[in-house]
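Chemist: Shown below is the structure under consideration.
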Amino acid sequence: MLMHAHFGSCRFAPPVAELRMRTYAMAMAAVLLTACAARTPQPCEPAPADVLTAANQIVYSRCQVDKVARMPARMPAMQYTPRGNCGSVMLQIVINESGRVIPRATRVIRSSDPALADAFQNSLAAARFQPAVKDGVPVAMLDSIGTGYSVVTVRSGGAPPSVARANAPRC
């Protein structure tokens, strides 16, 4: 497809590289639109029974609330000493209607280090979230949350921190 632009009485044909970029962009847009149209919506699953039992109250999943719970602007510090070059943890949590994490309903989805999982759970216990809202009322909500770290060593006179972070180990 050759695109032309008119400026007054002059006719302008864009350079070949620009045409290739436009063609590539249009092709990518078509692929994305096709992929999005083909995607079937995921059914809204209620919170599992074991979570309801552990929380000892009604717990909604993300898709069942009008407004999801929000993380605090500042999370409490974790008391953890890194082991190795990197680590990560993912937890399933229940945030109650007052914005607190219910410790007995917390489950470790995955963790590179049990001590990291414990430290993150302790940090979350001190955090205060904005609770989820359903029909204008704060409610308990099931969610997942994760954190991670990678150790970056920068020698004096070495690469700037942004370059050092880019070369940090991937977990």
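Chemist: Is it the case that some residue within segment 5-13 is surrounded by 13 or more Cβ atoms within 10 Å (Cβ to Cβ) and either modelled with pLDDT of 80 or more or outside the structural domain of Met141 (by TED's automatic domain parsing) (or both)?
Modeler: Looking for residues that are surrounded by 13 or more Cβ atoms within 10 Å (Cβ to Cβ) and either modelled with pLDDT of 80 or more or outside the structural domain of Met141 (by TED's automatic domain parsing) (or both), one finds none in segment 5-13, hence no.
Chemist: For segment 59-82, which positions are surrounded by 13 or more Cβ atoms within 10 Å (Cβ to Cβ), over 17 Å from the mean Cα position of the chain (by Cα) and either part of a helix (DSSP H, G or I) or not aromatic (Phe, Trp, Tyr) (or both)?
Modeler: Val59, Gln64, Val65, Pro76, Met78, Pro82 - these are the residues of segment 59-82 that are surrounded by 13 or more Cβ atoms within 10 Å (Cβ to Cβ), over 17 Å from the mean Cα position of the chain (by Cα) and either part of a helix (DSSP H, G or I) or not aromatic (Phe, Trp, Tyr) (or both).
Chemist: May I ask you to list the residues in segment 85-113 that are of a type outside the set (S, T, N, Q), outside any strand (DSSP E or B) and without any contact (Cβ under 8 Å) to a residue 40 or more places away in the chain?
Modeler: Gly99, Arg100, Pro103, Asp113
Chemist: Looking only at residues that are part of a loop (DSSP other than H, G, I, E, B) and among the β-branched types (Val, Ile, Thr) in segment 39-58, which one is farthest from Val139 (Cα to Cα)?
Modeler: Thr40
Chemist: Residue by residue through segment 114-153, note down the ones that are under 17 Å from the mean Cα position of the chain (by Cα) and free of Cβ contacts under 8 Å to residues at least 60 places away in the same chain.
Modeler: Phe120, Leu124, Ser144, Gly146
The values are calculated or read from the model by the stated rules, or taken from the named source; none is laboratory data. Everything quoted here is computed from the prediction, not taken from an experiment. Cβ atoms come from the backbone with ideal geometry, glycine included; neighbour counts cover every protein chain shown.
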